[in-house]
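The structure appears below as structure tokens.
What follows draws every value from the coordinates through simple rules; no lab data is involved. Quantities reported herein were computed from a predicted structural model and do not represent experimental measurements. Here the Cβ positions follow ideal geometry from the backbone for every residue, glycine too, while neighbour counts run over all protein chains shown.
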Amino acid sequence: MLDIDPLRDGPTPLPASTVILLRDGDSGLEVLLVQRHKATAFMGGAYVFPGGKLDPLDASDGVRSHLRSADDDTMLAALGPTETIDATTARALFVAAARETFEESGVLLGTTPRNAAEIAAQRARLNAGTPFSDVLAALEAHLALDRLVPASRWVTPAVERKRFDARFFLCAVSRADSDRASIEEHETVASRWLTPEEAVALHHAATIDLPPPTLRTLELLSPHATAGEALEATRQRPPPLVRPAFHAPDTGWVLALPGDPLHPEPSPVLGGTTRFVCRDGRWFSG
């Protein structure tokens, strides 16, 4: 067993935001998954939700001037009672969620008078390193951060060299917006709209690879028939803080969640089982 405290040890996690885009498809609730490039250092080749680490400019006044509403205290409260950050950082996490969604999927969470070609051109500028504030100014866009509903907070296990403290957000998009979603061909190489059940089944069939946070999120979304139902259920509870811990008992690798006998936090914070087990290099709820 690894002698590491998942709550205190390891490198400091980098703040990050992840967005679960939802739409009402022909077969029910669907989510967007993007496949990371195999050469990517973190989760290479896996199917994940769009997301990435916080940029210092996400807290800038330039971005703030392009928000449809900017009640920092409301955003901080929405992130849940486990937060120890300030309100400005909370806003930056919401902005990072919108920025990463635009970078990785092309879906802009807001309004703009510009046409599709101009939006695509500005997305290319953003992915080439242009500050988000400049892109928003060129699009005359106003972000609608109130569309983002905090769902959970996952912290990468302490044994990892590269760690993230990632806030997961739900966001519903229209069928028209979702049909325009596309990969950015740098960090991602493919994208798919799938029902949660389809995605989990493909993972079990070894057709796609889902990391534990993505897999558990999809399992928890499976009972919901529509995007509205999923959003409403998520709004009814504080976002859980999930700090998994690696262990290596005789039976093989285990990723323990709060509430598991191998985890120092005795109370479960998520539905489903309290651990993942590794079989043939792939993680499954165990």
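FRET efficiency for Thr88 and Glu197, Cβ-Cβ distance as r, R0 = 45 Å, nearest 0.05? All intermediate terms of the calculation are to be shown ahead of the outcome.
Values: r = 39 Å, r/R0 = 0.87.
Plugging the Cβ-Cβ distance into 1/(1 + (r/R0)^6) gives 0.70.
Throw me the Rg/Rh for region 154-212, computed over C-alpha atoms with Kirkwood Rh, two decimals. Let's see the in-between values first.
Details: Rg = 14.6 Å, Rh = 14.4 Å.
Computed over Cα atoms, the ratio is 1.01.
Between Ser27 and Thr226, the modelled label-to-label distance comes to 2.1 nm, taking each label 7 Å out from Cα in the direction of the beta carbon. Could you state the angle between the C-alpha long axis of helix 116-127 and the longest principal axis of the C-alpha atoms of the chain, as a value from 0 to 90 degrees rounded to the nearest 10? Between helix and principal axis, roughly 50 degrees. Restriction of the GluC sites (Glu not before Pro) in region 159-245 to DSSP coil positions whose beta-carbon has at most 11 other beta-carbons within 10 angstrom yields Glu185.
Taking every DSSP helix (H) stretch of at least 4 residues in the chain, weighting each as -39,500 (n - 2.57) and dividing the sum by the residue count yields a mean residue ellipticity at 222 nm of -8500 deg cm²/dmol.
Taking K and R as +1 and D and E as -1, what net charge do the other residues with C-beta under 9 Å from the C-beta of Gly272 add up to?
Values: positive: Arg216; negative: Glu219.
Computed value for this residue: 0.
Report the normalised scattering of the chain as log10 I(q)/I(0) at q = 0.09, 0.10, 0.11 Å⁻¹, calculated by the Debye formula with identical scatterers on the alpha carbons. So the normalised log intensities work out to -0.41, -0.51, -0.62.
Points 7 angstrom from Cα along the Cβ direction at Arg235 and Asp134: gap in nanometres? About 3.8 nm separates the two model spin labels. Taking every DSSP bridge with both residues inside the chain, close to 75 percent are antiparallel.
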